[in-house]
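Here, each number is a calculation from the coordinates, and none is a lab measurement. Computed from a predicted model, the values in this text were never measured in an experiment. Cβ placement follows ideal geometry from the backbone for every residue including glycine, while neighbour counts extend to all protein chains displayed.
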Amino acid sequence: MRSSRGVEVADIFRQYGPDYRKSHRVPRTHRRAMSAIEACRTSLLGGHKDECDTCGHLRISYNSCRNRHCPKCQFLRKEKWIEARTEDLLPIRYFHVVFTIPAELNPLVFSNQKVAYNLLFRSVSETLLTLSHDPKHLGARTGFIGILHTWGQNLMDHPHVHCIVTGGGLSPEGIRWVSCRKNFFIHVKVLSALFKPKFLAYLKDSFQSGDLIFPGAIGYLKDPDVFKGFIRQLKQKKWVVYCKPPFNGVEGVLQYLSRYTHRIAISNHRILKLEDGKVSFLWRDYSDGDKEKIMTLDADEFIRRFLLHVLPDRFVKIRHYGLLANRNRTDNIALCRELLGSCKTETKDKDLPLTWQEHLLKVSGVDVTKCPVCKKGTMVMVEVLHPLRCNGPPEKC
């Protein structure tokens with residue numbers, strides 16, 4: 001099965017999703033994500049019909065599902081988010097710090113996603129805030145954005161948090177800007193040495209409070225003595241934290257944000273083919289010199305791996321801390337700019353929000369209002385197409 005536009009995740013779900021749902025226990029959140037992706041930009045969701053006011057060309061456009069796990073629904077949402085963040089950026093260095101957990105934790109984390117991911121964010125944020133406040137390291141209040149990613153290039157579970165951290169911060173009294181040493185934030189061994197015990201302490205607390213569940217293959221961890229032994233083993237493991245070189249100015253930060261903030265486990269352009277019940281896709285093998293390779297999986301396994309990364313309902317995967325925390329961000333940024341001698345660039349027409357067509361033209365140069373046939377006329381909506389009514393799953397509509 002392959003169309004002129006290439007294979008998409010939606011194609012795989014439509015063809016193999018029904019059997020997968022019959023043969024596996026699929027949580028409601030996963031079913032909703034699958035159904036949304038299958039229905040995205042089809043008559044199931046309705047749309048509208050446009051007509052060129054010059055040549056009469058007709059075009060039907062179907063609505064997007066807007067599900068955050070859909071490969072086709074992230075572009076404009078990402079661009080609007082980045083545009084908002086642009087106003088917060090300061091003329092300073094920014095560092096990229098990544099916190100990972102040992103693979104031995106993955107089964108427990110997957111079965112307790114909401115609890116475990118919140119513990120991960122809490123441990124990461126407290127580690128960065130505590131060490132940056134410490135005069136031995138920086139002695140200032142920094143700001144950072146934390147972004148949860150749950151996958152590796154092979155689609156297996158690999159929870160980790162990317163942090164974009166200000167290269168400095170406000171002094172404790174809030175009257176001066178304290179800069180990091182050139183090209184250096186805080187040593188990764190120091191970050192790891194605090195992050196590991198924090199996470200394990202919070203995980204132990206969650207066990208004692210009964211917040212964790214232990215289904216199936218991890219049922220043996222229910223025993224308190226076994227869980228204590230599990231924690232002891234994790235203490236012996238190396239917990240990897242790494243800090244990349246500073247971004248190349250504000251432009252480097254924006255380039256990173258545009259690539260990573262609203263990513264999902266796999267984009268459609270990485271999928272090469274779907275043949276004989278197998279999916280082939282591109283991936284990078286970081287353990288082999290970052291080489292690009294082709295991986296082929298049974299469709300059933302591809303779907304399983306994709307669904308590993310469907311987040312709990314209403315879970316916030318991008319969070320702001322310190323100077324960038326939502327409550328006082330505007331005032332903090334204004335004070336930092338004053339201390340740095342930087343003026344904020346005024347945004348024109350701030351009170352006039354752009355339509356999605358205007359925003360798409362602004363960020364991509366694509367003008368969807370112009371006729372693609374005569375190149376002169378304007379496409380005018382002539383009919384609203386209501387969603388297709390169906391009482392069954394998408395594959396039966």
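Ranked from largest, the principal axis spans of the Cα set of the chain equal 70, 58, 41 Å. Contact order, relative form, for the chain: 28 percent (alpha carbon pairs under 8 Å, 6 or more residues apart, mean separation divided by residue count). Region 129-192 and region 98-119 have Cα centres lying 20 Å from one another.
Kindly flag which residue pairs out of LYS222/LYS317; LYS189/LYS278; LYS204/LYS291 have an alpha-carbon separation exceeding 31 Å in this structure.
LYS189/LYS278; LYS204/LYS291
Dipole magnitude for region 222-294: computed about the Cα centre from +1 point charges on Lys and Arg Cβ and -1 point charges on Asp and Glu Cβ, it is near 320 debye. With an 8 Å cut-off on Cα pairs and a minimum separation of 6 or more residues, tell me the relative contact order of region 163-273 in percent. With pairs under 8 Å counted, the relative contact order is 23 percent. Among the trypsin sites (Lys or Arg not before Pro) within region 64-171, those in coil by DSSP and having at most 14 neighbouring Cβ atoms inside 10 Å are ARG66, LYS136. Per residue of the chain, the DSSP helices (runs of n ≥ 4 H) give a summed -39500 (n - 2.57) that works out to -11500 deg cm²/dmol at 222 nm.
For the listed peptides 261-270, 35-44, a ranking on the average number of other beta carbons within 10 Å per residue, highest first, reads 35-44, 261-270. Multiply the residue gap between HIS269 and LEU76 by 0.36 nm, knock off their C-alpha separation, and tell me the result in nm, one decimal place. Difference between extended and current length: 67.7 nm.
Distance from the alpha carbon centroid of region 263-316 to that of region 25-93 works out to 20 angstrom. Scaled against 2.2 N^0.38 Å for its residue count N, the alpha carbon radius of gyration of region 214-333 is 1.50.
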